[in-house]
Amino acid sequence: MSHPPILSVNNLNVALPGARGILSDINFVLPAGSTTAIIGESGCGKTTLCKALLGLLGRKFSVSGNITIGSRDGLNTTLNPGDSDSFCNLRGTQIGLLFQETPLTLNPVLRVGRQISDLFASSDRRAALQLLELVGFPETERIYRAYPHELSGGQAQRVGLALALAGRPEILIVDEPATALDSIARQDFFKLLRKLQIESGLTILMVTHDLHTLAVAADRLIVMFAGRIVEQGDCQSVLEHPAHPYTRSLLQIERAFRNGQWPEEMH
Amino acid sequence: MSRIFRTVWKNQNCRWGLIILLPVFFAGLAGGSLTPIDPISQNLDQILQAPSGRYLCGTDFYGRDLFSRLVDGSRITLGLSLSAALLAVLGGALLGLTAGFLRGWIDRLIMRAVDVFMGFPRLFAVLLIAGFGRTDYGATVTVLALFSWMETARLVRAETLTIREALYVKSATALGLTKWRIARTYIFPNLLGTVITNLTLLIGTLIIIESSLSFLGFGTQEPTASWGAILNQGRLDPIGAWWIAVFPGLLIVITVIGFNLLGDGLRQLHDESKL
Amino acid sequence: MENQSAHPLLSVKNLIVEYPPHSFFGRVKPVSRRAVDQVSFEVVKGETLALVGESGSGKTSITMAILGFVTPTGGKMEFDGVELNEMTIAKFRSRIQPIFQDAGAALNPQMKIGRAIGDGFPPGLPADQKRIRALELMKNAGLAENYYDAYPRQLSGGQKQRVCLARALAVGAGMLILDEPFSAQDISIQVQLMHLLRDLKAALGLTLLLISHDLTTVRLLADRILVMRAGKIIESGTIADIISRPQTDYARELIRQAGIKP
């Protein structure tokens, strides 16, 4: 699958002054219309990377390197992740973000539909309903009128997806979207993402630690460890021929689980 | 401890509040004994002198050095406000915690008490007591505290209601700890942030109330005087002897701003969960 | 199997947990929601029983009912032969302990770790004894000694869960109810915690009620499993049975989702 890259990260380094680096020598590209997964342990820098891609790093971080983003009209913009203001126009419209705990980001006293339509000029109800349909709700009216607490985990996550897609971004970053969901809801969610990708050419960057779904959901895989990328490439290839010890132990665990055996402890 | 101080100092509001309050506190601790001129000694051929090198804030109607009086007066003003605020906040927090934690009839009773006391205008309650002849320090502190505990009680009750639903409180209950133990070690420490912020802001409010009292002629009497009382004297010749009204007024304003800044800063830190 | 006492350690019969209709600004929900609908099961001493089902299937409500945090609207529960209700739960608190999904939220943010674990000890115990015993528990739970004076916020997710385990054991619990104890952690941490749980169970003869939606971890830890859906138990059996011969479509789906090779 060779598509032109829609986002490329070049020599990104992020550190807190006075402390060791958080991200070192990060280089990768996202081919348009593909799903790239980033896996790695808590603390490896995945979330910081997502923040950097949206220019959401605080001022106290020292940042070097840049990010190049291609847009619909073929123009490339190069941005410095440390400069938060330059990302203003991008957020929501070119890059969308879906959090891990969407239910917490919804306003509990407003109906769901209202929260979606508020994102559109003149609170466009129809657009909101269309979005709800896009993310796979069969009864859009009912969800439109529901309050956040009335939704199940999977439903809330889909609403979060609708919100993230409202601005019709070309790139979607999802940060551990399904950790709070049970296995069935999780599978449904990743299937939905795949469907959206095929239909609209969405490019997805997915941060996850769930190996189960990787093989099915991702085209490319990036493995992070201690702030560095230790492996990247086509998902299947990496999974079949892991080079780094961390990747290998993750796979060993996955294999053991599938066969009903106890995985070895990793340290 | 030093970690707490460093966090507090970094906050702009807190820092300026502390900077403003430092000299005030110093004056309050030292009192008139540190000033070169005795605050109560009268010097009848030096009455109503404008501020000069000798009399930094001028003299009053009895020839007393205003600067010394203000420094001395800070003890009264601060002492009264701090004591009353501490009493009010401690009492209010205790009642709020009890109401929020135990619920039921105790909660209803305490909340009705809050409603009743809130019906009384604070200042007039003190005036009433003063009218009965009790203008001493103790009486003033007591009455001020008696009519200031309600806000803290409500605040703490609301916070308690939230905290008691937390998972760590449920876990503590599951451990089999007594209600008293849970209130003391699981709920109260998590209330401190709110309580301290509330305390700081209340001090500012009470300074104004105490000053108003003294300004009206109630509160502390001669020869010791709080800032409000000195302000009261300034009424007699506000243009001619402007310094008698302006300096205490300025001090009151600056000190209250100091406490408000500190309180705001502490509230910010608490919201950011840094305290 | 070794000598069993005459009754199971925990027995739940026809449990019903309902959330009553409520009115919010005039919008009334006319029908109560039954989170747990006539659920019955038993847990034998020393076994690990798993409750598997999707979110909202009532698993957490069962936990809350057993621990006395929610009053069931119907059914009966017995612990060690004695009826469990709001009044009797106080006696059994030290014997059944919960381990929640969100370990961070289960720890008092203003309390140091060593003290939090020590809160489980009998109040009469002298301070130095408490410290010694707490350190021992920490060691068994895989926590370094220097964390004794640390606050929860200084610990990682996996470490916080270890603290919760140590605390549950400090009070001497023989039965643990674990509600999604691992799902919030990374895979590698999950494996570590699973090993810890297995070792503790073997060393102390713990009885476990494990609630999870993840069949893969359940498969390794549990002896028997109950499959729940919409508040009801739709299938039950030993792990081997369910995995090789699932009776319901839902169970089959769960197995498939977990990527388990039959």
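Overview of values
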| item | result |
| --- | --- |
| About the Cα centre, charge dipole magnitude for chain B (Lys/Arg +1, Asp/Glu -1 at Cβ), debye | 1280 debye |
| Mean separation of Cα contacts under 8 Å, 6 or more apart, over the residue count of chain A: relative contact order % | 23 percent |
| Chain C - percent relative contact order, Cα under 8 Å, separation 6 or more | 25 percent |
| Exposed GluC sites (Glu not before Pro) absent: longest stretch of chain C, with sites in DSSP loops and at most 15 other Cβ within 10 Å deemed exposed | C:87-262 |
| Charge sum, other residues only, whose C-beta stays under 11 Å from residue B:227's C-beta, Lys/Arg counted +1 and Asp/Glu -1 | 0 |
| Cross-link pairs B:170/C:160; C:91/C:112; C:139/C:160 - those with Cα-Cα distance over 22 Å | C:91/C:112 |
| Spatial separation of Cα centroids for the range A:90-131 and the range C:243-262, in angstrom | 36 Å |
| Span-like helix ranges in chain B, DSSP H, alpha carbon extent 27 angstrom or more, Kyte mean at least 0.0 | B:12-30, B:66-102, B:192-215, B:242-271 |
| Computed over the range B:79-271: relative contact order in percent, which uses C-alpha pairs under 8 Å that are six or more apart | 25 percent |
| Signed unit charges on C-beta, dipole axis of the protein assembly as shown, positive-most listed residue A:40, C:250, C:204 | C:204 |
| Selection of trypsin sites (Lys or Arg not before Pro), the range A:2-107, meeting DSSP coil and at most 16 other Cβ within 10 Å | A:20, A:59, A:60, A:72 |
| Estimated FRET transfer efficiency (residue A:243, residue B:192; beta-carbon r; R0 60 Å; 0.05) | 0.70 |
| The protein assembly as shown, dipole about Cα centre (Lys/Arg Cβ +1, Asp/Glu Cβ -1), debye to the nearest 20 | 740 debye |
| Range of Cα positions in the range A:100-168 per principal axis (Å), largest first | 27, 23, 21 |
| Of B:224, B:242, B:196, farthest towards positive along the dipole that unit charges on Lys, Arg, Asp, Glu beta carbons give the range B:166-275 | B:196 |
| Helix-only mean residue ellipticity at 222 nm for chain C, each DSSP H run of n ≥ 4 adding -39500 (n - 2.57), per residue, nearest 500 | -9500 deg cm²/dmol |
| Linear extension gain, residue B:271 paired with residue B:90, 0.36 nm per residue minus alpha-carbon span | 63.0 nm |
| DSSP-defined beta bridges in chain C - what % are antiparallel, rounded to 5 | 55 percent |
| Zero-based 10 Å bins, Cα pair distances in chain C, whole percents | 7, 28, 33, 23, 8, 1 |
| Charge dipole (the range B:79-271, unit charges on Cβ, about Cα centre) - positive-most of B:102, B:149, B:263 | B:102 |
| Between 0 and 90°, nearest 10: helix C:127-140 axis offset from chain C longest Cα axis | 60 degrees |
| Proportion of all alpha-carbon pairs of the range A:38-89 beyond 12 Å (%) | 67 percent |
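Coordinate-derived values only; no laboratory data. All figures in this text were calculated on a predicted structure; none of them were measured in a lab. A quick note on method: Cβ atoms are made from the backbone with ideal geometry, for glycine too, and the neighbour counts reach across all protein chains shown.
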